[in-house]
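See structure below.
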Amino acid sequence: MKSMNLALGLLASVALPSVALATDLEVTHWWTSGGEAAAVAELATAFDATGNKWVDGAIAGSGDTARPIMISRITGGDPMGATQFNHGRQAQELVEAGLFRDLTDVATRENWAALVNPPTLLENCTLDGKIYCVPVNIHSWQWLWLSNGAFEKAGVAVPANWNEFVAAAPALEAAGITPLAMGKQPWQQAGAFNVLMVGVGGSDLFLKVYKDKDAAFAAGPEVAAVFKAADDARKMAAKSNVQNWNEATSMVINATAGGQIMGDWAQGEFQVAGQTAGKEYTCLPGLGLNEVISTGGDAFYFPKLDDPEKSAAQDVLASVMMAPATQVAFNLKKGSLPVRGDVDLSTANDCMQKGLKILAEGHVIQSSDELMDPDSITQINDLFATFFSDMSMTPEDAQKQFAALVGSAQ
């Protein structure tokens, strides 16, 4: 009976197009970790409750692995029903090529413009006044996750900020614990640097680099301090011999690492492991130095299909993803914040409540993906992959290359 009530509630919260017919719809994404899979199941359940069928098209690996596959299918004439991209400019060329459906009618009917907070998320979906995607969450990179058990074993207090964490690193190493867990993928390493940029340098510094693309500033002393912090981070992560982000999170969960710089999606892994914020682990937004969250995250785009029934199902899925019940169920499992400003998240854990408070106070910045073109982001990611793996590259050399990339970015 509870399942039936949930299904009826989901149906009632979705404005279904009158021409919609039940059909299968393939949805591609790169959410494959334990916490991510639990969150995807909420989207699938909500869509299936409408009488349609979510056909899961998960692609193992990171977004860097999945996006080329998704793009190749769309441009090659084998489109899926819906596909994930991050907020920002990753899908812009596909939109400009006319390969995605215009969702303006759905968005207007359901008044998304009045619901989505912050408004930049819907602006990222908009081109020439038309809306081409559904933002589903706000994912912030700006977090440091700490294992309370690791610090207890090392005999030091759980740090309250990044500086205390760096100071505690020798004690962690003496106890046989890797201070900083970090996967060996470019997006993770560049992401950690950007978190340090905001935490150590502040929001204005971040925006001068990524929004203003001020190469001279990026080469200056304030950014040099961030590279010093990144040098500390790579030394602390030197023995972190894992590849994927969730493997690094597992090190924190198992107290074999002291902490991890990672987005709030890490919360899903702690939840699946049965751990509680404030008990087994501690979360520090903005590294405990500058409590700001970035408004990155995920959106779904809908390729044009030569099938009226599937096109109608796309409208239903778009509506379902924005529905209040879906927003709550999905984001509680994902560890992200909802894009709707009118939903009740009173049951959210301590870390999510911190994020909601920061969002409500307006202490937000756009993510680097929203501010720079994908080619520039890829080049910056590659630079930090080299910096974190090659200890012979000095912070000064890395900063010089970084400033040049900032100057040439679009």
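The values are calculated or read from the model by the stated rules, or taken from the named source; none is laboratory data. Keep in mind the model is a prediction, meaning the values are calculated, not measured. Cβ coordinates were reconstructed from backbone atoms using ideal geometry, including for glycine residues, and neighbour counts include every protein chain displayed. SASA here: full protein model, heavy atoms, side chains in, ligands and nucleic acids out. Shrake-Rupley method; radii C 1.70, N 1.55, O 1.52, S 1.80 Å.
Points worth noting:
- Residue check, Val134 touching a helix residue (DSSP H, G or I) at 6+ places or on another chain (Cβ under 6 Å), hydrophobic (A, V, I, L, M, F, W, C) and more than 23 Å from Ala225 (Cβ to Cβ): yes
- Going through (1) free of Cβ contacts under 8 Å to residues at least 40 places away in the same chain; (2) touching a strand residue (DSSP E or B) at 6+ places or on another chain (Cβ under 9 Å); (3) outside any helix (DSSP H, G or I) one by one, Leu146 falls short only on (1).
- Taking the listed residues Met251, Met236, the one that is surrounded by 16 or more Cβ atoms within 10 Å (Cβ to Cβ), under 22 Å from the mean Cα position of the chain (by Cα) and either over 24 Å from Ser62 (Cβ atoms) or of a type in the set (A, V, I, L, M) (or both) is Met251, with no other qualifying.
So that you can scan it fast, the table gives a plain yes or no per residue for (1) under 21 Å from the mean Cα position of the chain (by Cα); (2) closer than 24 Å to Pro308 by Cα; (3) crowded, with 19+ Cβ neighbours inside 10 Å:
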| residue | (1), (2), (3) |
| --- | --- |
| Thr50 | no, yes, yes |
| Gly57 | yes, yes, yes |
| Thr65 | yes, no, no |
| Gly77 | no, yes, no |
| Gly81 | no, yes, yes |
| Ala97 | no, yes, no |
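- When each of Ala329, Ala299 is tested for being closer than 20 Å to Ala114 by Cα and either among the hydrophobic types (A, V, I, L, M, F, W, C) or open to solvent by 10 Å² or more (accessible area, probe 1.4 Å) (or both), the lone residue that passes is Ala299.
- Elements of the type helices (runs of 4 or more DSSP H) sitting completely within region 165-252 and holding at least 2 residues that are of a type in the set (D, E, K, R): these cover 203-210, 221-236.
- Selection status of Lys279, in contact (Cβ under 8 Å) with a residue 24 or more places away in the chain, open to solvent by 40 Å² or more (accessible area, probe 1.4 Å) and either more than 26 Å from Cys133 (Cβ to Cβ) or not assigned by TED's automatic domain parsing to the domain that holds Ser250 (or both): yes
- Subset of region 27-75 [at pLDDT 95 or above and acidic (Asp, Glu)]: Glu36, Glu42, Asp48, Asp56
- Any hit, region 108-115, residues being touching a Lys or Arg at 6+ places or on another chain (Cβ under 9 Å), under 25 Å from Gly362 (Cα atoms), modelled with pLDDT under 95 and outside any strand (DSSP E or B): no
- Consider region 129-156 and keep the residues that are among the small types (Gly, Ala, Ser) and touching an Asp or Glu at 6+ places or on another chain (Cβ under 8 Å). The one that is surrounded by the fewest Cβ atoms within 10 Å (Cβ to Cβ) is Gly149.
- Selection within region 302-320 - open to solvent by 10 Å² or more (accessible area, probe 1.4 Å) and polar (S, T, N, Q): Ser311
- Flag for Thr347 being surrounded by fewer than 23 Cβ atoms within 10 Å (Cβ to Cβ), outside any loop (DSSP other than H, G, I, E, B) and touching a Leu at 6+ places or on another chain (Cβ under 8 Å): no
- Residues within region 282-321 that are over 15 Å from Arg101 (Cβ atoms) and assigned to a helix (DSSP H, G or I), tallied: 4
- Of the residues examined, Ser408 is not one that is buried (at least 20 other Cβ atoms within 10 Å of the Cβ), among the hydroxyl-bearing types (Ser, Thr, Tyr) and within 17 Å of Ala215 (Cα to Cα).
- Those residues of region 44-70 which are outside any strand (DSSP E or B) and farther than 25 Å from Pro374 by Cβ, in sequence order: Ala44, Thr45, Ala46, Phe47, Asp48, Ala49, Thr50, Gly51, Asn52
- All positions within region 74-84 that are in contact (Cβ under 8 Å) with a residue 12 or more places away in the chain and not in a strand (DSSP E or B): Ile74, Thr75, Pro79, Met80, Gly81
- Residue that is farthest from Glu93 (Cα to Cα) [pool: residues in region 365-379 that are open to solvent by less than 50 Å² (accessible area, probe 1.4 Å) and not polar (S, T, N, Q)]: Ile365
- Applying a threshold of 8 Å to beta carbon distances and a minimum spacing of six or more residues, or different chains, the list of pairs starting in region 394-410 at a residue that is under 14 Å from Asp375 (Cα atoms) and ending at one that is among the acidic types (Asp, Glu) and not in a helix (DSSP H, G or I) reads Val406/Asp214; Ala409/Asp373; Gln410/Asp373.
- Selected residue (only one of Thr108, Thr126, Thr104 is open to solvent by 10 Å² or more (accessible area, probe 1.4 Å), in the same structural domain as Ser72 (by TED's automatic domain parsing) and touching a strand residue (DSSP E or B) at 6+ places or on another chain (Cβ under 6 Å)): Thr104
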